[in-house]
1. Of the heavy-atom accessible surface of segment 142-193 (probe 1.4 angstrom), what whole percent is carbon and sulfur?
2. At 1.4 Å probe size, with no ligands or nucleic acids counted, give the accessible surface of D203 in Å², nearest ten.
3. May I ask for log10 I(q)/I(0) of segment 233-296 at q = 0.12, 0.14 Å⁻¹, from a Debye sum over the Cα atoms as equal point scatterers with solvent left out?
4. Over segment 323-393, average the accessible area per residue using a 1.4 Å probe and give it in Å², no decimals.
5. Could you give the radius of gyration (one decimal) and Dmax (whole number) of the Cα atoms in segment 195-265, in Å?
6. Starting with the highest mean, order 277-286, 344-353 by the number of other Cβ atoms within 10 Å, averaged over the residues of each peptide.
7. Modelled label-to-label distance, L385 and S295, 7 Å Cα→beta-carbon offset: nm?
Amino acid sequence: MPGLPAHCPRPRDLRRGAVLTLVFLTSVVAAASTGRWDAADAGTLARTSVPAQAAAPDPAPAPAPFAPDAPRATGTADREAVARAAAEAVAEGKSGKKAAQEVVSRSGDRWGTVYDRGEYAAFADDLDGHWTGVGLWVERTREGWIRVDRVQPAGPAARAGLRAGDRLLSVDGQGVSGLAVVDVVALLRGEAGTPVVLHLSRDGVDLTETVRREQLRAEPVTVRRLADGVTVIKVDSFTRGSGERVRTAVREAPPGAGVLLDLRGNPGGLVAEAVTAASAFLDGGLVATYDVRGSERALYAAPGGDTGRPLVALVDGGTMSAAELVTGALQDRGRAVTVGTRTFGKGSVQMPTELPDGSVAELTVGTYRTPAGRSLDGGGITPDLAAREGAEERARKVLGGLGVGP
(Lines give C-alpha, C1' and ligand atoms only; values in the text may rest on other atoms or scores of the structure.)
Protein backbone atom coordinates (compact mmCIF):
# COMPACT_ATOMS: atom_id res chain seq x y z
CA MET A 1 0.00 0.00 0.00
CA PRO A 2 2.31 2.73 -1.24
CA GLY A 3 1.85 6.32 -0.33
CA LEU A 4 1.02 5.96 3.34
CA PRO A 5 2.36 8.77 5.48
CA ALA A 6 5.36 8.00 7.58
CA HIS A 7 3.61 9.47 10.56
CA CYS A 8 0.16 10.33 11.57
CA PRO A 9 0.77 12.56 14.54
CA ARG A 10 -0.31 11.94 18.03
CA PRO A 11 -1.65 14.51 20.42
CA ARG A 12 1.22 16.25 22.06
CA ASP A 13 0.15 15.29 25.54
CA LEU A 14 -0.20 11.71 24.70
CA ARG A 15 2.94 11.67 22.83
CA ARG A 16 4.67 13.34 25.59
CA GLY A 17 3.65 11.19 28.30
CA ALA A 18 1.72 8.11 28.09
CA VAL A 19 2.71 5.23 26.07
CA LEU A 20 4.83 6.61 23.45
CA THR A 21 4.66 3.65 21.22
CA LEU A 22 2.14 4.42 18.61
CA VAL A 23 2.51 5.94 15.30
CA PHE A 24 -0.98 7.12 15.17
CA LEU A 25 -0.48 7.58 18.86
CA THR A 26 -0.63 10.53 20.98
CA SER A 27 2.05 9.70 23.47
CA VAL A 28 5.69 9.64 22.94
CA VAL A 29 7.75 7.53 25.16
CA ALA A 30 6.76 4.08 24.28
CA ALA A 31 5.83 4.70 20.75
CA ALA A 32 7.35 5.97 17.62
CA SER A 33 7.73 5.17 14.01
CA THR A 34 10.93 5.08 12.06
CA GLY A 35 9.67 5.22 8.52
CA ARG A 36 9.67 8.05 6.04
CA TRP A 37 6.90 9.43 3.86
CA ASP A 38 6.15 7.31 0.83
CA ALA A 39 8.35 4.51 2.14
CA ALA A 40 7.83 1.20 0.36
CA ASP A 41 7.49 -0.79 3.57
CA ALA A 42 4.04 -0.05 4.95
CA GLY A 43 5.12 -1.48 8.28
CA THR A 44 7.30 1.55 8.91
CA LEU A 45 4.68 4.07 7.90
CA ALA A 46 2.58 6.58 9.69
CA ARG A 47 2.25 7.10 13.36
CA THR A 48 -0.85 8.87 14.58
CA SER A 49 -0.99 8.67 18.29
CA VAL A 50 0.71 8.09 21.63
CA PRO A 51 3.73 6.61 23.49
CA ALA A 52 3.71 3.29 25.17
CA GLN A 53 4.99 4.85 28.32
CA ALA A 54 3.24 8.13 28.16
CA ALA A 55 -0.38 8.62 28.82
CA ALA A 56 -1.94 11.85 27.76
CA PRO A 57 -1.32 15.04 25.85
CA ASP A 58 0.41 18.15 27.29
CA PRO A 59 -1.70 19.50 28.94
CA ALA A 60 -3.51 16.20 29.13
CA PRO A 61 -7.21 16.35 28.52
CA ALA A 62 -9.52 14.51 30.82
CA PRO A 63 -10.74 11.21 29.42
CA ALA A 64 -14.14 12.72 28.84
CA PRO A 65 -15.76 13.57 25.54
CA PHE A 66 -13.86 16.24 23.67
CA ALA A 67 -16.42 18.43 21.99
CA PRO A 68 -15.34 21.86 20.83
CA ASP A 69 -17.86 23.88 18.86
CA ALA A 70 -15.57 23.87 15.85
CA PRO A 71 -12.40 22.06 14.80
CA ARG A 72 -9.25 23.64 16.18
CA ALA A 73 -6.78 24.99 13.70
CA THR A 74 -3.47 23.19 13.52
CA GLY A 75 -0.42 25.30 12.72
CA THR A 76 2.43 24.04 10.62
CA ALA A 77 6.09 24.65 11.33
CA ASP A 78 8.25 25.46 8.32
CA ARG A 79 10.56 22.50 7.77
CA GLU A 80 13.38 24.59 6.34
CA ALA A 81 13.20 27.10 9.20
CA VAL A 82 13.39 24.29 11.77
CA ALA A 83 16.38 22.67 10.04
CA ARG A 84 18.13 26.03 9.64
CA ALA A 85 17.70 26.89 13.33
CA ALA A 86 19.12 23.51 14.32
CA ALA A 87 22.09 23.85 11.97
CA GLU A 88 22.94 27.34 13.24
CA ALA A 89 22.75 26.17 16.85
CA VAL A 90 25.03 23.19 16.17
CA ALA A 91 27.55 25.48 14.41
CA GLU A 92 27.62 27.62 17.56
CA GLY A 93 28.09 24.60 19.80
CA LYS A 94 24.56 24.76 21.11
CA SER A 95 21.70 22.27 21.21
CA GLY A 96 20.14 21.78 17.80
CA LYS A 97 17.17 20.06 19.36
CA LYS A 98 16.44 22.98 21.67
CA ALA A 99 16.72 25.53 18.88
CA ALA A 100 14.46 23.49 16.61
CA GLN A 101 11.88 23.04 19.37
CA GLU A 102 11.74 26.80 19.90
CA VAL A 103 10.87 27.30 16.23
CA VAL A 104 8.24 24.56 16.37
CA SER A 105 6.69 26.04 19.52
CA ARG A 106 6.47 29.51 17.98
CA SER A 107 4.85 28.12 14.84
CA GLY A 108 1.66 27.05 16.57
CA ASP A 109 2.13 23.45 15.45
CA ARG A 110 0.25 21.77 18.31
CA TRP A 111 1.50 18.30 17.50
CA GLY A 112 4.97 19.17 16.28
CA THR A 113 7.87 18.22 18.51
CA VAL A 114 11.58 17.41 18.39
CA TYR A 115 13.29 14.26 19.72
CA ASP A 116 16.96 13.62 20.26
CA ARG A 117 18.62 10.62 18.64
CA GLY A 118 18.15 8.35 21.65
CA GLU A 119 14.49 9.23 22.17
CA TYR A 120 13.66 8.61 18.55
CA ALA A 121 15.60 5.35 18.38
CA ALA A 122 13.60 4.06 21.35
CA PHE A 123 10.43 4.61 19.35
CA ALA A 124 11.32 1.81 16.95
CA ASP A 125 11.33 -0.72 19.77
CA ASP A 126 8.08 0.69 21.11
CA LEU A 127 6.35 0.16 17.77
CA ASP A 128 7.27 -3.49 18.02
CA GLY A 129 5.55 -3.63 21.40
CA HIS A 130 8.66 -3.89 23.56
CA TRP A 131 10.80 -1.42 25.45
CA THR A 132 13.07 -1.10 28.48
CA GLY A 133 11.58 0.54 31.53
CA VAL A 134 9.72 0.00 34.79
CA GLY A 135 6.21 -0.58 33.50
CA LEU A 136 4.63 2.78 34.25
CA TRP A 137 2.36 4.89 32.07
CA VAL A 138 2.33 8.53 33.16
CA GLU A 139 0.29 11.58 32.28
CA ARG A 140 0.27 15.28 33.05
CA THR A 141 -2.76 16.45 35.00
CA ARG A 142 -4.60 19.70 34.45
CA GLU A 143 -2.84 20.97 37.57
CA GLY A 144 0.52 20.36 35.87
CA TRP A 145 1.87 17.49 37.94
CA ILE A 146 2.84 14.03 36.73
CA ARG A 147 0.55 11.17 37.70
CA VAL A 148 0.82 7.43 37.19
CA ASP A 149 -1.92 6.60 34.69
CA ARG A 150 -1.55 2.83 34.89
CA VAL A 151 0.91 0.14 35.88
CA GLN A 152 1.82 -2.89 33.80
CA PRO A 153 0.70 -6.05 35.59
CA ALA A 154 3.61 -8.09 36.98
CA GLY A 155 6.10 -5.44 35.86
CA PRO A 156 8.83 -3.91 38.05
CA ALA A 157 6.66 -1.00 39.18
CA ALA A 158 3.74 -3.29 40.01
CA ARG A 159 5.96 -5.57 42.07
CA ALA A 160 7.21 -2.52 43.97
CA GLY A 161 3.63 -1.63 44.88
CA LEU A 162 3.16 1.42 42.67
CA ARG A 163 -0.44 2.22 41.74
CA ALA A 164 -2.41 4.22 39.23
CA GLY A 165 -3.06 7.64 40.72
CA ASP A 166 0.28 7.93 42.49
CA ARG A 167 1.88 11.33 41.98
CA LEU A 168 5.43 11.11 40.62
CA LEU A 169 7.67 13.76 42.20
CA SER A 170 11.16 12.86 41.03
CA VAL A 171 13.19 10.24 39.15
CA ASP A 172 16.72 9.59 40.45
CA GLY A 173 16.54 12.86 42.33
CA GLN A 174 15.45 14.96 39.36
CA GLY A 175 12.14 16.69 39.92
CA VAL A 176 9.58 16.08 37.20
CA SER A 177 7.25 18.97 37.89
CA GLY A 178 7.08 21.09 34.74
CA LEU A 179 8.66 18.45 32.52
CA ALA A 180 6.93 17.25 29.37
CA VAL A 181 5.67 13.70 29.62
CA VAL A 182 8.12 12.58 26.97
CA ASP A 183 11.00 13.87 29.12
CA VAL A 184 9.67 12.05 32.17
CA VAL A 185 9.42 8.86 30.17
CA ALA A 186 13.01 9.33 29.01
CA LEU A 187 14.10 9.43 32.66
CA LEU A 188 12.26 6.17 33.33
CA ARG A 189 13.87 4.43 30.37
CA GLY A 190 17.42 3.07 30.42
CA GLU A 191 19.41 -0.15 30.33
CA ALA A 192 17.81 -3.34 31.58
CA GLY A 193 19.02 -4.22 35.08
CA THR A 194 19.84 -0.66 36.13
CA PRO A 195 18.07 0.78 39.19
CA VAL A 196 15.96 3.91 39.21
CA VAL A 197 14.81 5.70 42.37
CA LEU A 198 11.24 6.99 42.25
CA HIS A 199 9.92 9.53 44.73
CA LEU A 200 6.13 9.58 44.83
CA SER A 201 3.20 10.85 46.84
CA ARG A 202 0.08 8.83 47.63
CA ASP A 203 -2.81 10.28 49.58
CA GLY A 204 -0.50 12.93 50.99
CA VAL A 205 2.18 10.43 52.09
CA ASP A 206 5.62 10.52 50.45
CA LEU A 207 7.04 7.22 49.19
CA THR A 208 10.45 6.28 47.80
CA GLU A 209 10.90 3.10 45.78
CA THR A 210 13.95 1.73 43.99
CA VAL A 211 12.92 -0.23 40.90
CA ARG A 212 15.07 -2.09 38.38
CA ARG A 213 14.44 -1.55 34.70
CA GLU A 214 13.56 -4.58 32.60
CA GLN A 215 12.87 -5.51 29.01
CA LEU A 216 9.09 -5.32 28.82
CA ARG A 217 6.50 -6.35 26.29
CA ALA A 218 2.96 -5.19 25.82
CA GLU A 219 0.21 -7.17 24.13
CA PRO A 220 -1.69 -4.56 22.11
CA VAL A 221 -4.63 -6.85 21.32
CA THR A 222 -6.47 -9.06 23.81
CA VAL A 223 -9.45 -11.26 23.00
CA ARG A 224 -12.11 -12.75 25.26
CA ARG A 225 -15.23 -14.74 24.53
CA LEU A 226 -18.43 -14.00 26.43
CA ALA A 227 -20.91 -16.65 27.47
CA ASP A 228 -23.34 -15.66 24.71
CA GLY A 229 -20.67 -16.15 22.04
CA VAL A 230 -19.84 -12.46 21.59
CA THR A 231 -16.12 -11.85 21.00
CA VAL A 232 -14.59 -8.79 22.67
CA ILE A 233 -11.47 -7.54 20.90
CA LYS A 234 -9.63 -4.92 22.96
CA VAL A 235 -7.01 -2.95 21.01
CA ASP A 236 -4.80 -0.90 23.33
CA SER A 237 -2.68 0.54 20.50
CA PHE A 238 -1.86 -0.02 16.85
CA THR A 239 1.70 -1.24 17.19
CA ARG A 240 3.29 -3.58 14.70
CA GLY A 241 1.30 -6.75 14.13
CA SER A 242 -1.85 -5.54 15.89
CA GLY A 243 -3.90 -5.26 12.70
CA GLU A 244 -3.33 -8.90 11.78
CA ARG A 245 -4.17 -9.94 15.35
CA VAL A 246 -7.54 -8.25 14.96
CA ARG A 247 -8.15 -10.06 11.66
CA THR A 248 -7.23 -13.39 13.24
CA ALA A 249 -9.60 -12.78 16.16
CA VAL A 250 -12.45 -12.06 13.75
CA ARG A 251 -11.74 -15.19 11.70
CA GLU A 252 -11.72 -17.31 14.88
CA ALA A 253 -14.95 -15.85 16.29
CA PRO A 254 -17.98 -18.20 16.28
CA PRO A 255 -19.83 -18.05 12.95
CA GLY A 256 -22.48 -15.34 12.95
CA ALA A 257 -21.64 -14.18 16.47
CA GLY A 258 -21.17 -10.51 17.18
CA VAL A 259 -17.95 -8.61 17.90
CA LEU A 260 -17.28 -5.76 20.32
CA LEU A 261 -14.26 -3.83 19.07
CA ASP A 262 -13.03 -1.96 22.15
CA LEU A 263 -10.97 1.09 21.16
CA ARG A 264 -11.38 2.97 24.44
CA GLY A 265 -8.15 4.55 25.63
CA ASN A 266 -6.38 3.65 22.38
CA PRO A 267 -3.96 6.51 21.61
CA GLY A 268 -3.27 5.40 18.06
CA GLY A 269 -0.25 3.91 16.37
CA LEU A 270 0.80 2.85 12.90
CA VAL A 271 -1.58 3.84 10.15
CA ALA A 272 -0.86 0.66 8.20
CA GLU A 273 -1.92 -1.41 11.23
CA ALA A 274 -5.11 0.62 11.62
CA VAL A 275 -6.00 0.03 7.97
CA THR A 276 -5.35 -3.72 8.40
CA ALA A 277 -7.62 -3.79 11.44
CA ALA A 278 -10.39 -1.99 9.54
CA SER A 279 -9.94 -4.51 6.72
CA ALA A 280 -11.09 -7.27 9.08
CA PHE A 281 -14.62 -5.85 8.80
CA LEU A 282 -14.63 -4.38 5.29
CA ASP A 283 -14.45 -5.88 1.82
CA GLY A 284 -12.15 -3.32 0.28
CA GLY A 285 -13.14 0.29 -0.21
CA LEU A 286 -12.12 3.60 1.32
CA VAL A 287 -10.86 3.81 4.90
CA ALA A 288 -9.71 7.43 4.96
CA THR A 289 -8.25 10.23 2.90
CA TYR A 290 -5.44 12.52 3.93
CA ASP A 291 -3.51 15.39 2.48
CA VAL A 292 0.19 16.14 2.60
CA ARG A 293 0.99 19.75 1.84
CA GLY A 294 -2.12 20.08 -0.33
CA SER A 295 -1.83 16.75 -2.17
CA GLU A 296 -4.76 14.43 -1.40
CA ARG A 297 -4.23 10.70 -0.99
CA ALA A 298 -6.38 7.76 0.06
CA LEU A 299 -6.16 4.64 2.21
CA TYR A 300 -8.08 1.52 1.18
CA ALA A 301 -9.08 -1.64 3.01
CA ALA A 302 -7.94 -4.99 1.72
CA PRO A 303 -10.69 -7.13 0.17
CA GLY A 304 -12.20 -10.14 1.90
CA GLY A 305 -13.15 -8.78 5.32
CA ASP A 306 -16.15 -10.09 7.30
CA THR A 307 -18.95 -7.73 6.32
CA GLY A 308 -21.87 -9.68 7.73
CA ARG A 309 -20.96 -10.13 11.36
CA PRO A 310 -22.73 -7.73 13.80
CA LEU A 311 -20.22 -5.20 15.09
CA VAL A 312 -20.16 -2.54 17.80
CA ALA A 313 -17.18 -0.26 18.38
CA LEU A 314 -16.60 1.11 21.89
CA VAL A 315 -14.91 4.53 22.06
CA ASP A 316 -14.22 7.32 24.54
CA GLY A 317 -12.23 10.52 25.01
CA GLY A 318 -9.01 8.49 25.01
CA THR A 319 -9.68 7.08 21.53
CA MET A 320 -7.25 8.94 19.29
CA SER A 321 -5.59 9.18 15.94
CA ALA A 322 -5.29 5.77 14.26
CA ALA A 323 -8.08 4.49 16.50
CA GLU A 324 -10.28 7.36 15.31
CA LEU A 325 -9.37 6.54 11.73
CA VAL A 326 -10.75 3.00 12.22
CA THR A 327 -13.82 4.28 14.08
CA GLY A 328 -14.63 6.83 11.38
CA ALA A 329 -14.32 4.28 8.58
CA LEU A 330 -16.58 1.73 10.28
CA GLN A 331 -19.14 4.39 11.20
CA ASP A 332 -19.26 6.19 7.85
CA ARG A 333 -19.56 2.97 5.91
CA GLY A 334 -22.39 1.71 8.10
CA ARG A 335 -20.35 -1.26 9.22
CA ALA A 336 -20.52 -0.71 12.98
CA VAL A 337 -22.66 0.94 15.61
CA THR A 338 -20.43 3.11 17.80
CA VAL A 339 -21.08 3.35 21.53
CA GLY A 340 -19.39 5.47 24.19
CA THR A 341 -18.31 9.11 24.41
CA ARG A 342 -16.85 11.50 21.86
CA THR A 343 -13.33 10.66 20.75
CA PHE A 344 -10.31 12.88 21.31
CA GLY A 345 -10.08 14.55 17.89
CA LYS A 346 -6.53 13.88 16.70
CA GLY A 347 -6.32 13.63 12.94
CA SER A 348 -3.31 15.60 11.79
CA VAL A 349 -0.49 14.11 9.76
CA GLN A 350 3.14 14.55 10.75
CA MET A 351 6.32 13.94 8.83
CA PRO A 352 9.73 13.29 10.42
CA THR A 353 12.68 15.46 9.41
CA GLU A 354 16.21 14.55 10.51
CA LEU A 355 18.20 17.53 11.80
CA PRO A 356 21.98 18.19 11.57
CA ASP A 357 22.71 16.90 15.08
CA GLY A 358 20.80 13.64 14.53
CA SER A 359 17.66 14.77 16.34
CA VAL A 360 14.31 14.39 14.57
CA ALA A 361 11.54 16.95 14.18
CA GLU A 362 8.00 15.71 13.65
CA LEU A 363 6.08 18.46 11.89
CA THR A 364 2.41 18.63 10.95
CA VAL A 365 1.87 18.53 7.20
CA GLY A 366 -1.78 17.59 6.72
CA THR A 367 -4.98 16.11 8.10
CA TYR A 368 -7.04 12.91 7.88
CA ARG A 369 -10.69 12.65 6.87
CA THR A 370 -13.22 9.84 7.13
CA PRO A 371 -14.78 8.24 4.02
CA ALA A 372 -17.63 10.75 4.28
CA GLY A 373 -15.16 13.63 4.32
CA ARG A 374 -15.34 14.46 8.03
CA SER A 375 -12.18 15.90 9.53
CA LEU A 376 -10.78 13.85 12.40
CA ASP A 377 -8.84 16.79 13.79
CA GLY A 378 -10.38 18.93 16.48
CA GLY A 379 -13.97 17.78 16.89
CA GLY A 380 -13.50 14.06 17.33
CA ILE A 381 -16.15 11.47 16.44
CA THR A 382 -19.55 11.45 18.10
CA PRO A 383 -20.73 7.88 18.79
CA ASP A 384 -24.11 6.69 17.58
CA LEU A 385 -25.15 5.94 21.17
CA ALA A 386 -23.81 7.85 24.17
CA ALA A 387 -22.69 5.77 27.14
CA ARG A 388 -20.28 6.40 30.00
CA GLU A 389 -20.70 4.00 32.88
CA GLY A 390 -21.69 0.54 31.73
CA ALA A 391 -20.68 1.20 28.14
CA GLU A 392 -19.83 -2.44 27.47
CA GLU A 393 -23.19 -3.60 28.82
CA ARG A 394 -24.91 -1.04 26.59
CA ALA A 395 -22.89 -2.29 23.62
CA ARG A 396 -23.95 -5.88 24.30
CA LYS A 397 -27.59 -4.80 24.32
CA VAL A 398 -27.02 -3.14 20.96
CA LEU A 399 -25.62 -6.38 19.61
CA GLY A 400 -28.69 -8.11 20.98
CA GLY A 401 -30.80 -5.71 18.97
CA LEU A 402 -28.79 -6.68 15.91
CA GLY A 403 -29.74 -10.30 16.51
CA VAL A 404 -26.75 -11.35 18.61
CA GLY A 405 -26.47 -12.19 22.28
CA PRO A 406 -29.13 -12.11 25.00
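The values are calculated or read from the model by the stated rules, or taken from the named source; none is laboratory data. Remember, it's a predicted structure, so these values are computed and weren't measured experimentally. Positions of Cβ are generated from backbone atoms using ideal geometry, with glycine treated the same way; all protein chains shown enter the neighbour counts. Calculation scope for accessible area: heavy atoms of the full protein, side chains included, ligands and nucleic acids excluded. Shrake-Rupley method; radii C 1.70, N 1.55, O 1.52, S 1.80 Å.
1. Working: 1170 of 2550 Å².
For segment 142-193, the apolar C and S fraction of the accessible surface comes to 46 percent.
2. D203 exposes around 150 Å² with every protein chain in place.
3. Here the Debye-derived log intensity ratios amount to -0.34, -0.46.
4. For segment 323-393, the per-residue accessible area is 29 Å².
5. Cα-based Rg and Dmax for segment 195-265 come out at 18.7, 54 Å.
6. On the way: 277-286: 22.4, 344-353: 28.4.
For the peptides 277-286, 344-353, the packing ranking is 344-353, 277-286.
7. The answer from the label model is 4.4 nm.
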